[in-house]
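Colleague: This is the structure, below, for whatever I ask next.
Please treat every number below as a calculation from the coordinates, not as lab data. Fair warning: this is a prediction, and the values are worked out from it, not measured in the lab. Cβ placement follows ideal geometry from the backbone for every residue including glycine, while neighbour counts extend to all protein chains displayed.
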């Protein structure tokens, strides 16, 4: 398996420099969360790693087997769920391969459903299955749970954690949710002005609990790096709980 190596990556849109001589390595099997304010370059970096944006300046080495899960599952409504999952597969029995992936995301019972009949959580599970079916060495997640309700989001986070532990691809998760980053990642990065401004390892035992002092300390540090300062009362309430 191979990881990701980025050296001196620069991306400009007109006069606006979105990525500025960015350097980043992601080890094989490592889970990295990427945080940053809107416009900091998070999605541009992810799209570059996915091969959707060109590399104009710098070096980018990524595994050949990679898959992306976006916030919008982007399922084709005229194809049944399994056909969406198997789209582009060169397999003798693509339906069997799709069914195996759907079973992993607990969606085997919807294999022949039409996408428009799926709930938001089910549609994202189908999107995850479509990524998994390709056995990616690099899994790119672009705010995949942002549009889901709180309970469904928690369930999807647990599912992604389980799938990552099972398959061990390198993962880059773009998110605005600091709690999500601390719950899931080995390492969290904060992107600012096109560069990595803050980097921290998250050496907490799994499964992680958000109520611990260690979790709270990492969360506070990342929030402050993003320019968010919680009032003291918020800390007092959390400690009391």
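Colleague: Could you line up 13, 31, 70 from fewest to most neighbouring Cβ atoms inside 10 Å?
Modeller: The order, fewest Cβ neighbours first, is 13, 70, 31.
Colleague: Restricting to the chain, what percent of DSSP beta bridges are antiparallel, rounded to 5?
Modeller: 45 percent
Colleague: For 221, 76, what ranking results if the residue with the fewest other Cβ atoms within 10 Å of its Cβ goes first?
Modeller: 76, 221
Colleague: Using alpha-carbon pairs under 8 Å, 6+ residues apart, how would you state the relative contact order of region 1-96 in percent?
Modeller: Relative contact order for region 1-96 comes out at 29 percent.
Colleague: Which three semi-axes in whole Å describe the equivalent ellipsoid of region 75-135, each the square root of 5 times a Cα gyration tensor eigenvalue, listed largest first?
Modeller: 16, 12, 10
Colleague: Hey, another quick one. For region 151-176 and region 17-64, compute the distance between their C-alpha centroids and round to whole Å.
Modeller: If you average the Cα positions of each part, the centres end up 19 Å apart.
Colleague: If you average the sequence gap of Cα pairs under 8 Å that are 6 or more apart and divide by the length of region 75-135, what percent do you get for the contact order?
Modeller: 46 percent
Colleague: Divide by every residue of the chain the summed helix terms, -39500 (n - 2.57) for each DSSP H run of at least 4, and state the resulting mean residue ellipticity at 222 nm, rounded to the nearest 500 deg cm²/dmol.
Modeller: Rounded to the nearest 500, the figure is -10500 deg cm²/dmol.
Colleague: For Cα pairs less than 8 Å apart in space and 6+ apart in sequence, what is the mean separation divided by the residue count of the chain, i.e. the relative contact order in percent?
Modeller: 26 percent
Colleague: Would you mind ranking 55, 178 so that the residue whose beta carbon has the fewest other beta carbons within 10 Å leads the list?
Modeller: Fewest to most other Cβ atoms nearby, the residues stand as 55, 178.
Colleague: Given that compact globular proteins tend to follow 2.2 N^0.38 Å, what is the ratio of the alpha-carbon Rg of the chain to that value?
Modeller: Compactness ratio reported: 1.05.
Colleague: Return the percentage of antiparallel bridges among DSSP beta bridges fully within region 110-225, rounded to the nearest 5 %.
Modeller: 55 percent
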